[in-house]
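Every number in this text was worked out from the coordinates using simple rules, so none of it is lab data. What you see is a predicted model; the values in this text were computed from it and never measured. Quick reminder, even Gly has a Cβ in these numbers, built from the backbone with ideal geometry, and neighbours come from all protein chains shown.
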Amino acid sequence: MRIWLEKIHLDLKVNWKLSRNQTTFKENYLVFLETPQGVFRSEVAPNIRYGETPESIYFQFETWEKNTDVAGILSIEKLNEALGKTALHHSLRFGIESAFISSLAAREGKSLVDFLSLPPLVPAATSFSMPIIPVGEIEDYLRPISRFQSLKIKVDAQIAEDMLKEISRHTSVKLRVDANEGWKDFDAFMRFEEQIKHMNIELVEQPFPSSMNEEYRELKKTTSFKLLADESIEDVGDFSELAKQFHAVNIKLMKTGSLLKARELLLAAKKHQMEAMMGCMIETTVGISYGMLFNSLVNYVDLDGFLLIKDEPFKLVNEDNGILKIV
């Protein structure tokens with residue numbers, strides 16, 4: 001039994017600009033696990049927001065592999081024990097864990113859905129994402145994606161109002177406003193909300209930094225929109241507190257670091273009467289196919305990361321008229 005990483009360079013279709021950074025490519029890793037049952041594959045998509053880089057991912061992986069009896073990981077208990085011995089970035093932990101869970105499921109002759117005790121796999125409508133772009137380019141960006149039922153709009157405090165006004169001129173679909181912690185001032189955000197309250201806004205995602213807990217508590221009391229937590233929840237979530245700040249949570253496998261933890265967080269959200277989204281980083285369909293496992297447990301799906309990649313190489317997920325299905 002052996003495990004290894006292979007770096008994959010992914011050119012993007014657009015300049016992917018958020019409130020905190022921008023890029024025209026991503027460097028992810030594929031995880032390969034060779035066992036008697038076959039070779040199993042997963043993905044690692046580093047995110048700089050969480051201090052992850054391709055270099056630190058590879059360094060951590062080499063350290064973990066050197067200190068781990070890979071051949072001895074033959075159960076979930078042994079897997080959790082092995083993953084707990086070395087500090088790992090969440091995306092790397094996910095890549096390793098999911099490859100092993102795939103092998104353990106195959107060893108028992110089960111599908112991943114059955115092994116993880118999940119509801120049946122179903123197709124789902126995904127939103128399509130728009131980075132921060134000049135207002136004059138919005139019409140051209142929207143034209144080829146009119147088939148999607150909702151749009152995920154990346155904004156910052158400076159250009160958000162102008163972007164949303166222009167988008168609303170050209171489409172009537174539901175808008176999911178993703179601020180990526182772009183506002184630092186409560187009153188400024190409330191002025192922004194007043195300007196967009198007549199638009200078809202489905203969700204507003206993480207307008208303030210995750211540290212602004214008091215502002216989120218106040219915002220939930222006063223906003224007319226549904227608030228979605230992203231950066232405020234990673235691999236651990238205090239749902240008694242999250243429920244005071246948000247209406248819903250965005251679960252991403254690269255952020256939780258675990259298929260098992262994602263399932264746990266989604267069930268906890270439901271217990272606290274919160275809605276949930278299954279989101280993603282910019283990933284190939286290798287990573288996206290794992291996110292698809294949870295479609296039956298969530299209210300919203302945002303698994304379009306592979307659609308932002310030029311010439312996505314694996315084609316494990318098909319998108320047809322905005323609907324995703326495992327191939």
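Observations
- Remark: the chain carries a charge dipole of roughly 600 debye about the Cα centre, counting +1 on each Lys and Arg Cβ and -1 on each Asp and Glu Cβ.
- Translational diffusion of segment 102-151, µm² s⁻¹ [Kirkwood Rh, Cα pairs; Stokes-Einstein; 37 °C; 0.692 mPa s]: 228 µm²/s
- Calculated translational diffusion coefficient of segment 194-289 (20 °C, 1.002 mPa s; Stokes-Einstein with Kirkwood radius over alpha-carbon pairs) equals 153 µm²/s.
- Placing pseudo-labels 7 Å out from each Cα toward the beta carbon at R191 and V236 gives an inter-label distance of 3.8 nm.
- Extending 7 Å from Cα along the Cβ direction at K85 and again at R143 yields two label points whose distance is 5.8 nm.
- H272 versus D320: modelled label distance in nm, points set 7 Å from Cα along the beta carbon direction: 3.9 nm
- Flagged links, alpha-carbon separation over 19 Å, of K26/K310; K85/K261; K261/K325; K85/K252; K154/K174: K261/K325; K85/K252
- Potential lengthening between N15 and Q37 on full extension [0.36 nm per residue; Cα-Cα distance subtracted]: 3.9 nm
- Projecting the Cα atoms of T171, I326, P144 onto the charge dipole of the chain, computed from C-beta unit charges around the Cα centre, puts I326 farthest toward the positive end.
- Segment E27-Y58, extension gain: residue separation times 0.36 nm, minus the distance between their alpha carbons: 10.0 nm
- Residue order, fewest to most surrounding Cβ atoms within 10 angstrom, among W183, W16: W16, W183
- Least to most buried among S150, S56, S91 (fewest other Cβ within 10 Å first): S56, S150, S91
- Over segment 2-115, the alpha carbon radius of gyration divided by the compact-protein estimate 2.2 N^0.38 Å works out to 1.15.
- Close amide H contacts of V249 (hydrogens built in the peptide plane, cut-off under 5 Å, sequence separation of 5 or more or a different chain): A229, E275, A276, M277.
- In percent, rounded to a whole number, the relative contact order of segment 170-308 is 17, using alpha-carbon pairs under 8 Å and six or more apart.
- Neighbours of T126 by Cβ distance under 10 Å: Lys/Arg scored +1, Asp/Glu scored -1, total -2.
- Straight Cα distances below 14 angstrom link K152 to the aspartates and glutamates D178, E202, E205, D230, D302, D304, with same-chain residues fewer than 8 positions distant left out.
- Here the 3J(HN,Hα) profile of segment 148-162, calculated from phi with Karplus coefficients 6.51, -1.76 and 1.60 at θ = phi - 60°, is 7, 7, 8, 10, 9, 9, 6, 9, 10, 5, 7, 10, 4, 4, 5 Hz, Gly and Pro shown as x.
- Fewest-first ranking of H272, H9, using other Cβ atoms within 10 Å as the exposure measure: H9, H272
- Only one of [x] 23.0; [y] 16.8; [z] 15.7 was calculated from the structure for mean projected area of the Cα convex hull in nm², and its label is [z].
- Set of segment 16-53 residues, backbone N closer than 15 Å to the point 7 Å along the Cα-Cβ line of M1: 32-41
- Local charge for E34 was computed over the other residues whose Cβ lies under 15 Å away, with Lys and Arg +1 and Asp and Glu -1, and equals +1.
- Phi-based couplings in Hz for segment 266-277 (Karplus 6.51, -1.76, 1.60; Gly and Pro marked x): 5, 5, 5, 4, 4, 4, 9, 6, 9, 7, 9, 10
- Here the 3J(HN,Hα) profile of segment 292-308, calculated from phi with Karplus coefficients 6.51, -1.76 and 1.60 at θ = phi - 60°, is 4, 4, 9, 3, 6, 9, 10, 8, 9, 10, 9, 10, 9, x, 6, 6, 8 Hz, Gly and Pro shown as x.
- Extension gain, S210 back to L260 (0.36 nm per residue minus Cα-Cα distance, nm): 15.6 nm
- Comparing L260, L219, L308 along the charge dipole axis of segment 166-319, the residue lying farthest to the positive side is L260, per the Cβ-charge model.
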